[in-house]
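The values are calculated or read from the model by the stated rules, or taken from the named source; none is laboratory data. Bear in mind that the values here come from a model prediction, so they are computed numbers and not experimental data. Glycine also receives a Cβ, built like all others from the backbone with ideal geometry; neighbour counts cover every protein chain displayed. Ligands, DNA and RNA are excluded from the accessible area calculation, which covers all protein heavy atoms including side chains. Shrake-Rupley method; radii C 1.70, N 1.55, O 1.52, S 1.80 Å.
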Amino acid sequence: MAARTPGRRSPGARSPSVGGRRALRAPRRLAAAAAAALALCFAAPARADDVQQFELAKTRFDAGHYEEAVSRFAAMLDPANAPCERGPIEAEGKPCRISEPGLIERARGLAAAALVALRRTGEADAYIEQILLDNPVYSPNPAVFQPEVIDRFTAVRARIRARIEEVTRQRAEAQRAARLRIERSREDERRWVAELHRLAGRERVVAQNSRWTAMLPFGVGQFQNGDDGLGWFFLVSQAVAGGTSIVSAIALASYENVDVSPRYSGQGGGPVQSVDIDALNSRIGTAAAVNRVAFGAFATLAAAGIAHAQITFVPERVSFRTRPVPPPPPSFTAAPTISVLPGGMLAGLTGRF
């Protein structure tokens with residue numbers, strides 16, 4: 001298989017005018033500039049030494065020196081060789097291994113094409129298998145490869161179809177697993193941020209308790225210690241006992257101030273007793289007993305509450321209260337933009353705040 005060379009014009013063919021050639025060149029230059037700018041923005045740059053090694057072999061391929069081209073491609077694809085060092089290299093320097101994936105695929109394709117031209121189809125098929133297994137959707141470019149080479153790709157693809165499908169399935173599973181790992185990582189990060197937000201929104205407050213406050217009745221000491229149940233018990237019970245003692249004391253005082261002296265009738269009769277002395281004495285006795293019991297209960301409950309508050313005294317209480325958390329900063333995204341204009345090209349950067 002000979003290398004393709006540009007076609008020549010016949011002597012009688014008419015050449016386009018100068019103005020027509022300029023008109024045709026302008027869109028081509030714009031397209032080439034746009035493609036170059038896109039490549040600079042989005043493509044991963046290849047190592048300069050890898051490119052040099054590839055170009056040295058490609059030059060032999062283009063010149064039809066297929067044996068030398070195959071030798072150079074094999075050397076740069078040999079995993080036993082050391083990676084190419086950066087910097088300029090000599091044409092006859094020590095062979096090295098290229099590392100850029102795109103150049104590796106192109107080198108294998110040209111090596112396969114050279115081997116097909118040399119009728120060494122078995123070796124060519126080995127390179128084609130590596131290309132298809134690494135890139136199952138690879139399709140040879142008819143503008144680069146001869147029909148014989150494309151036929152070899154078709155034959156090899158049909159022969160290893162099962163392996164290609166298995167590789168595709170495994171890669172899909174690996175990509176799905178990678179996406180799941182990324183999603184789990186993002187979910188863990190979201191939970192972590194939510195926990196930080198929760199902790200940042202809580203303020204720890206330490207209140208120092210007082211022994212003197214714990215000496216007060218009505219469950220004040222219990223409330224101070226954080227024992228709200230007993231605090232409410234002592235508050236209600238002491239309030240009931242104290243209130244009963246006060247009411248009974250008022251009733252006792254009113255009974256004792258009752259006027260029990262006899263009264264005289266207006267018709268000259270004898271003195272008449274208007275108050276039932278026995279009933280009054282009974283009420284006085286009852287009020288006095290209730291007052292004594294209620295006051296004793298109040299005093300007992302107050303002493304018990306104070307003693308309990310002192311025994312179970314808590315020096316300090318820790319509580320939490322919410323506080324405002326500042327909102328997150330606005331997100332920023334940016335992307336390069338390229339526009340082809342008449343007579344040139346415009347490159348820019350768009351962002352969202």
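Reported count of residues in the range 121-149, each being in contact (Cβ under 8 Å) with a residue 24 or more places away in the chain and outside any helix (DSSP H, G or I), is 7. Scanning the range 105-144 for residues that are of a type outside the set (A, V, I, L, M), closer than 16 Å to D62 by Cα and crowded, with 20+ Cβ neighbours inside 10 Å turns up R108, G109. Restricting R163, R169, R157, R152 to residues that are in a helix (DSSP H, G or I), within 18 Å of L133 (Cβ to Cβ), in contact (Cβ under 8 Å) with a residue 24 or more places away in the chain and open to solvent by 70 Å² or more (accessible area, probe 1.4 Å) narrows the list to R163. Within the range 186-240, the residues that satisfy the criterion of being farther than 25 Å from R321 by Cα, open to solvent by 40 Å² or more (accessible area, probe 1.4 Å) and assigned to a helix (DSSP H, G or I) are R186, E187, D188, E189, M215, F233, L235, V236, A239, V240.
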